[in-house]
Amino acid sequence: MSHISRSGGASAMAMGAYDSGETLTCARTGRTYSYDKPDIVCASIMVPKGCDHLPQATDRAALWNSAEAAEDEWATRHFARAEGQARSFMAAHPDRPLAGEVVLPDGLTAKEESTLVSRIMREQVRPFFPPGHAGLVLTQDVLTDETGERLLRWQAVPPAQHHTETARTALRFIIALPRDLTEDQQRELAEAWLEERFVRHGYVADFAIRWTVGNPHLHVRVTRRALQPDGTWADSKDRGITTEDGLRESRRSFVEAANVAMVKAGLETRCDWRSYEDAGVALRPTVHEGYWSRAMALAGQASEAQKHNAEVWAANAEAVLEDPEIIIREVARQRATFTERDLLAELWKRTQGEEVSFLAASERLLASPLVEAVGAEPDSTPRYALKEYLATERAMFEHAARLAATKGHHGVDGARLEAAMGSGGAYARLSNGTPRGTGSWAWLPPARQPMDWRARRASPQGGRSPPCSTPTTLSRCCASSWRMAARMENIRRQRPDASDPANPDWMRKASEQLAQGEVMPALLAYDRRGRVGFGDDTDAAVKLLVDRWWEKRKANPGCSTIALAYTRAHVGLLNKAMRDRRVICGELSGPAVTVGGQALDGG
């Protein structure tokens, strides 16, 4: 991943023309970019939902000109006050230098040079400006000029100008694609990953697949701001995407999408997003060499990347000769089962085709105790797998067999459940049906009757969610309540009635929509069946819920109900509202009892 930044002279328009093979003109600079790339298989633009009608959805020039203009417009709005301060300062101090350069001594180490630059900026440059730089932004750059001298160049510029000169307009990804997939399958993979990782969050992805001999790869440019349905761009940028964790998530999500694509294609090979170190493989990774390294090699020169990779290949060859079983673990990362040919092909690559080393290591490799035969190819070629993988697989089958032997009863023991129901109520852990694991404790009164899981303003009534206001919280809570209902022993998901069959397909579909973030269609499904209540705020929603609970309580005095909330604060709101209603109606009376520091009405 790299930033397309104006400070480095990069242009999103230029990158778009290079990756797509189109001729594009930048409205901001007036420059036209055109590249002839015969290896381009396809090029496409993906926009968020609701933006298909915009010109950015089909016109690459309109897309990137719009994204570039958005940065300038944002700077004008955001820095209006600081810009005025900077202009006023420069007008009041016309003799104050706003740029300069200093020749640095020769022979300094990197640390010494950095220390000297910091001292020069602190003692000789910043004193020219009052605290806060009077709205100006101080920039510095250390470079080598054409005579070989090291120079420190500094400049004080207004903030809006600084932003427009250094704005980052897009992210760029170059990703290797699985060679065993067809062109159509590779395109489906690219679209699936981009939709999940970026487009569904509002960003625009402009991608191209290029297929050179033996090297299919994906070029992607993602806008830094989300595109709105009205054609404007969001004011904020999601900087989490560019953090180390964000990059790890991008890498992990792509590998997962690639593995799904290879499963659909019937391939056995798998990708692993982990580094050699994280995967426990005793090899060193190489670095990407790129176009300029290859151009230098054609001119008879070696780049720093090529020198580094040569050292890594030599070190890896020595490691493999010392411990050939490294090859087994590397191959096992890519496929569950493998043949001797797979092992020898990887060994040949790692020993760089050196025959003596290859033969010496191959004998030890094929005699390794790490592998076990698991079958054969149609031509009788044996296949192998790691013994530790097979041990894990056998343990999983044994656990599954023991679960199956319980005849489908995996939750609370029936005798204990009957005892709890007969005792007037019990505490139960709402997790995966067993007392272990994480979960929430809730009071379960006698529940011999099916429970009424109804929807209200922000979630199904009785679901694991309080009144809430955001679709994200709503979808997460409602999906959670559906799964929780399915896991609770001997309690049905909803009360069957005349309007709902015993197996409510509509409710299942609505829960799936909530889990996928499609909130409105799910709420409309509940609304059509009178299972949603709307309140203007939290208090109104709580009152509506309690009113409905009280009506059903009076209409069905023999039935038990349960109310679950997503946070402890909302548990308190519901408990207090329900208790107050029972006190007002005379169901609770007598002296108050203090439990855990909280006063409760007697009954």
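Points worth noting:
- Within the span defined as region 13-28, every residue fails to be open to solvent by 40 Å² or more (accessible area, probe 1.4 Å), at positive phi and either within 30 Å of the chain's Cα centre (by Cα) or not acidic (Asp, Glu) (or both).
- Entry remark, region 34-49: residues being touching a Lys or Arg at 6+ places or on another chain (Cβ under 6 Å) and closer than 12 Å to Glu22 by Cβ number 1 in total.
- Residue within region 251-274 that is open to solvent by 70 Å² or more (accessible area, probe 1.4 Å) and closer than 27 Å to Ala61 by Cβ present: no
- Where a residue in region 578-597 is of a type in the set (Lys, Arg) and its partner, wherever it lies, is open to solvent by 60 Å² or more (accessible area, probe 1.4 Å) and at pLDDT 75 or above, with Cβ under 8 Å and at least six apart: none
- Among the numbered conditions (1) surrounded by fewer than 17 Cβ atoms within 10 Å (Cβ to Cβ); (2) part of a loop (DSSP other than H, G, I, E, B), the only one that Leu181 does not meet is (1).
- Candidate set from region 94-131 (those that are part of a loop (DSSP other than H, G, I, E, B) and open to solvent by 60 Å² or more (accessible area, probe 1.4 Å)); member that is farthest from Pro159 (Cα to Cα): Gly107
- Close pairs from region 225-248: first under 22 Å from Trp273 (Cβ atoms), partner modelled with pLDDT of 85 or more and open to solvent by 70 Å² or more (accessible area, probe 1.4 Å), Cβ under 8 Å, at least 6 apart: Asp238/His201
- Residues of region 49-67 satisfying the condition of being open to solvent by less than 10 Å² (accessible area, probe 1.4 Å) and either aromatic (Phe, Trp, Tyr) or not in a helix (DSSP H, G or I) (or both): Cys51, Trp64
- Residues that are of a type in the set (D, E, K, R) and assigned to a helix (DSSP H, G or I), drawn from region 240-278: Glu244, Asp245, Arg248, Glu249, Arg251, Arg252, Glu256, Lys264, Glu277, Asp278
- Set Thr212, Thr164, Thr243, Thr169: member being within 25 Å of His288 (Cα to Cα), of a type in the set (Val, Ile, Thr) and surrounded by 15 or more Cβ atoms within 10 Å (Cβ to Cβ): Thr169
- Taken over region 369-388, the criterion of being among the charged types (D, E, K, R) and not in a strand (DSSP E or B) is satisfied by Glu377, Asp379, Lys387, Glu388.
- Filter pass, Ala70 being within 29 Å of Arg28 (Cα to Cα), surrounded by 12 or more Cβ atoms within 10 Å (Cβ to Cβ) and at pLDDT 85 or above: yes
- Flag for His219 being assigned to a helix (DSSP H, G or I) and touching a residue at least 12 places away in the same chain (Cβ under 8 Å): no
- Residue count for region 287-346, restricted to those that are within 30 Å of Ser2 (Cα to Cα), modelled with pLDDT under 85 and among the basic types (Lys, Arg): 2.
- Sole residue being on the phi > 0 side of the Ramachandran plot and within 17 Å of the chain's Cα centre (by Cα), chosen from Gly202, Gly290, Gly231, Gly266: Gly202
- Look at region 136-159: where a residue is under 15 Å from Ser118 (Cα atoms) and at pLDDT 80 or above and a partner is open to solvent by 40 Å² or more (accessible area, probe 1.4 Å) and of a type in the set (Asp, Glu), sitting 6+ places away or on another chain with Cβ atoms under 6 Å, you get Leu151/Glu101; Arg153/Glu101; Arg153/Asp141.
- Single residue of region 30-46 satisfying the filter (open to solvent by 70 Å² or more (accessible area, probe 1.4 Å) and part of a loop (DSSP other than H, G, I, E, B)) that is farthest from Leu177 (Cα to Cα): Arg31
Conditions (1) of a type in the set (S, T, N, Q); (2) under 38 Å from the mean Cα position of the chain (by Cα); (3) in a helix (DSSP H, G or I), marked per residue:
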| site | (1), (2), (3) |
| --- | --- |
| Glu311 | no, yes, yes |
| Ala317 | no, yes, yes |
| Arg333 | no, yes, yes |
| Ser357 | yes, no, yes |
| Ala360 | no, no, yes |
| Arg364 | no, no, yes |
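- For region 337-357, the set of residues classified as of a type in the set (Phe, Trp, Tyr) and open to solvent by 30 Å² or more (accessible area, probe 1.4 Å) consists of Trp348 only.
- The residues on offer are Gln301, Gln306, Gln334, and the sole one that is free of Cβ contacts under 8 Å to residues at least 12 places away in the same chain and open to solvent by 30 Å² or more (accessible area, probe 1.4 Å) is Gln301.
The values are calculated or read from the model by the stated rules, or taken from the named source; none is laboratory data. Everything numeric here is computed off the predicted structure, so don't read it as measured data. Cβ sites come from the backbone with ideal geometry, for glycine too, and all protein chains shown count toward neighbours. Accessible surface is based on the protein model in full, side chains and every heavy atom, while ligands, DNA and RNA are left aside. Shrake-Rupley method; radii C 1.70, N 1.55, O 1.52, S 1.80 Å.
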